[in-house]
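Just below is one structure, and these are the notes that go with it.
The values are calculated or read from the model by the stated rules, or taken from the named source; none is laboratory data. If you're wondering where the values come from, they're calculated on a predicted model, not measured in any experiment. Counting neighbours? That spans all protein chains shown, and the Cβs are built from the backbone with ideal geometry, glycine included. With ligands, DNA and RNA removed, areas are computed over all heavy atoms of the protein, side chains included. Shrake-Rupley method; radii C 1.70, N 1.55, O 1.52, S 1.80 Å.
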Amino acid sequence: MTQPITEENLQKTVEQVVQSMKVTDIHTHLYAPVFGDILLWGFDELVTYHYLKAETMRWVDISYDQYWQMSKVEQADLIWQTLFVENTPYSEACRGVLTTLQRLGLDVKSRDVQTYREYFESKKLEDYVRQVFDLAGLKCAVMTNDPFNPQERTVWLDKIKQAKAEVDPRFRAALRLDVLLCSWEQSWDLLRQWGFDVTHDLNERTIEEVQRFLREWIRIMDPVYMAVSLPFDFQLPEESARAQLIESCILPVSRETNVPFALMVGVKRQLNPGLKDAGDGVGKMDISSIDYLCSQYPHNKFLVTLLARENQHELAVLARKFRNLLPFGCWWFLNNPSLIEEITSMRLELLGNSVILQHSDARVLDQLIYKWDHSRKIIAQILTRKYRDVMATGWVLTEAEIRRDVEKLMGGNLWSFLERKL
Ligand code: FIX
Ligand code: ZN
């Protein structure tokens, strides 16, 4: 581990370290098995991923309603026929399905969907979770947990809070607050129904009670962070309920509990409602809102990922200015080889080791396999280039140092960020 790295063994060493590093997947839509059928997995879920729905609807002449009236198996068969048989599956989401099948040991060249389905039907979930985490090299997956989701809420309150079931330690919670922050017109009444003394007006009592709601759910979930997905036109400062809830409720509780606030900004919600969960688009956001948060709240910790390619450079520059800002991942429409390469190179050049390079955003358990397989290959290529540039100056590198760097970049920086005293 301490022998110096040479030009001859550099690439192989970096590839081996990146491939074998157990990662913290800082953002997913997965759930621990205790949450039941909201944890999606298996062939038909893999093939009906909303990315693939959108790509399929570009080809077929059926209406959106006709698609949504199909069964899951019928939808998967349509997607498979359209994207995998009538066209070569080289889009990132299509290729991902094939990488997953291949890594699971299935015969991709057979194109035998029935055999694929039988394979997954033979799996027991508990064993399969272990198998997928091993293949993907995951230490931990951070979920997206919405206290306003009735099915999920029941599990937290009935099963977990009553200590009837532990959340699997491989799955950590993230307290997701889109409904609270972006639908206050509805969410205040739900809080009232749950026993919080709030009104629609964000008066002092309401602010106190929303803070109590946040503390309550931090106690129940023990979240790694609080998160919100925000539209591209998100602005702070702003005269709005959302702005007041963020500044008067989220940020004080975030600092008090050392639970960072994660902002995921740049969505154009439901550009095409007919596509439902595949209907969102992207827009460039005004990064001065992130600048405002980091500068006005220097003792708060912010995790930030932005959806527009055009925002990536300014996010990296902003992170150079504010140590309370930790950028993460190549989110959603950026999670493609060409953009991962561009963004990762730029981040290493501007931020060195002080960034979290990737998250999977996996919605289907099996996707962990391909999302991390594809990203690891690109990250290893870029890191090899960066190490080679450093070694060209005469700098002597050891494998232990490469391992140290990669651990930080692949999620370790999240845990040290939590421990930082700002
Ligand atoms: O807001 C989010 O967490 C987004 O990642 C999702 O809404 C989005 O649908 C997604 O899964 C993208 O990969
Ligand atoms: Zn997501």
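Key figures
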{"read-out": "Criterion: over 21 Å from Thr99 (Cα atoms) and open to solvent by 60 Å² or more (accessible area, probe 1.4 Å) - qualifying residue of Asp405, Asp389", "value": "Asp389"}
{"read-out": "Wholly enclosed helices (runs of 4 or more DSSP H) of segment 1-72 bearing at least 1 residues at pLDDT 95 or above and within 16 Å of ligand 1 (Cβ to nearest atom)", "value": "43-47, 50-57"}
{"read-out": "Output for segment 264-284, where each listed residue is at negative phi, within 16 Å of ligand 2 (Cβ to nearest atom) and either of a type in the set (Phe, Trp, Tyr) or assigned to a loop (DSSP other than H, G, I, E, B) (or both)", "value": "Arg269, Gly279, Asp280"}
{"read-out": "Scan of segment 318-339 for residues that are away from ligand 2 (no atom under 16 Å from the Cβ), more than 19 Å from Phe417 (Cβ to Cβ) and not polar (S, T, N, Q), ordered by number", "value": "Pro337, Leu339"}
{"read-out": "Segments classed as helices (runs of 4 or more DSSP H), wholly inside segment 170-261, with at least 2 members that are closer than 26 Å to Leu307 by Cβ, within 16 Å of ligand 1 (Cβ to nearest atom) and open to solvent by less than 30 Å² (accessible area, probe 1.4 Å)", "value": "178-182"}
{"read-out": "Residues of segment 352-369 satisfying the condition of being more than 16 Å from Lys139 (Cβ to Cβ) and more than 16 Å from ligand 2 (Cβ to nearest atom)", "value": "Gly352, Asn353, Ser354, Val355, Asp366"}
{"read-out": "Every pair of residues 6+ apart whose Cβ atoms lie under 7 Å, when the first sits in segment 264-283 and is surrounded by 14 or more Cβ atoms within 10 Å (Cβ to Cβ) and of a type in the set (Asp, Glu) while the second is at pLDDT 95 or above and assigned to a loop (DSSP other than H, G, I, E, B)", "value": "Asp280/Arg269; Asp280/Gln270; Asp280/Leu271"}
{"read-out": "Pair list, Cβ < 6 Å and 6+ apart or interchain, from segment 191-210 residues that are on the phi < 0 side of the Ramachandran plot to residues that are surrounded by 12 or more Cβ atoms within 10 Å (Cβ to Cβ) and not in a helix (DSSP H, G or I)", "value": "Leu191/Val198; Arg192/Val198; Thr206/Val198; Thr206/Thr199; Glu209/Phe196; Glu209/Val198"}
{"read-out": "Leu339 being within 19 Å of the chain's Cα centre (by Cα), buried (at least 23 other Cβ atoms within 10 Å of the Cβ) and closer than 30 Å to Thr48 by Cα", "value": "no"}
{"read-out": "Conditions (1) under 24 Å from Asp25 (Cα atoms); (2) modelled with pLDDT of 95 or more; (3) not acidic (Asp, Glu): number failed by Ala165", "value": "(2)"}
{"read-out": "Residues of segment 32-50 satisfying the condition of being closer than 14 Å to Leu368 by Cβ and among the β-branched types (Val, Ile, Thr)", "value": "none"}
{"read-out": "Subset of segment 29-76 [farther than 17 Å from Leu275 by Cα and surrounded by fewer than 16 Cβ atoms within 10 Å (Cβ to Cβ)]", "value": "Gly36, Asp37, Ile38, Val73"}
{"read-out": "Test: residue in segment 299-309 that is more than 16 Å from ligand 1 (Cβ to nearest atom), open to solvent by 10 Å² or more (accessible area, probe 1.4 Å), farther than 22 Å from Val142 by Cβ and in contact (Cβ under 8 Å) with a residue 40 or more places away in the chain", "value": "yes"}
{"read-out": "Answer from Ile378, Ile369 - the residue that is touching a helix residue (DSSP H, G or I) at 6+ places or on another chain (Cβ under 7 Å), open to solvent by 10 Å² or more (accessible area, probe 1.4 Å) and of a type outside the set (Asp, Glu)", "value": "Ile378"}
{"read-out": "Flag for Glu166 being exposed (fewer than 12 other Cβ atoms within 10 Å of the Cβ), touching a helix residue (DSSP H, G or I) at 6+ places or on another chain (Cβ under 8 Å) and not in a helix (DSSP H, G or I)", "value": "yes"}
{"read-out": "Complete set of residues in segment 262-285 that are within 16 Å of ligand 1 (Cβ to nearest atom) and among the charged types (D, E, K, R)", "value": "Lys268, Arg269, Lys276, Asp277, Asp280"}
{"read-out": "Among the candidates Glu314, Glu349, residue that is closer than 30 Å to Ser248 by Cα, among the charged types (D, E, K, R) and away from ligand 2 (no atom under 16 Å from the Cβ)", "value": "Glu314"}
{"read-out": "Residue within segment 351-363 that is within 15 Å of ligand 1 (Cβ to nearest atom), open to solvent by 20 Å² or more (accessible area, probe 1.4 Å), in contact (Cβ under 8 Å) with a residue 12 or more places away in the chain and among the basic types (Lys, Arg) present", "value": "yes"}
{"read-out": "Set Glu118, Glu126: member being part of a helix (DSSP H, G or I), open to solvent by 50 Å² or more (accessible area, probe 1.4 Å) and in contact (Cβ under 8 Å) with a residue 40 or more places away in the chain", "value": "Glu126"}
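Residue-wise test of (1) over 21 Å from Val282 (Cα atoms); (2) of a type in the set (A, V, I, L, M); (3) in a helix (DSSP H, G or I).
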site	(1), (2), (3)
Cys330	no, no, no
Glu349	yes, no, yes
Ala362	no, yes, no
Lys377	yes, no, yes
Arg385	yes, no, yes
Gly394	yes, no, no
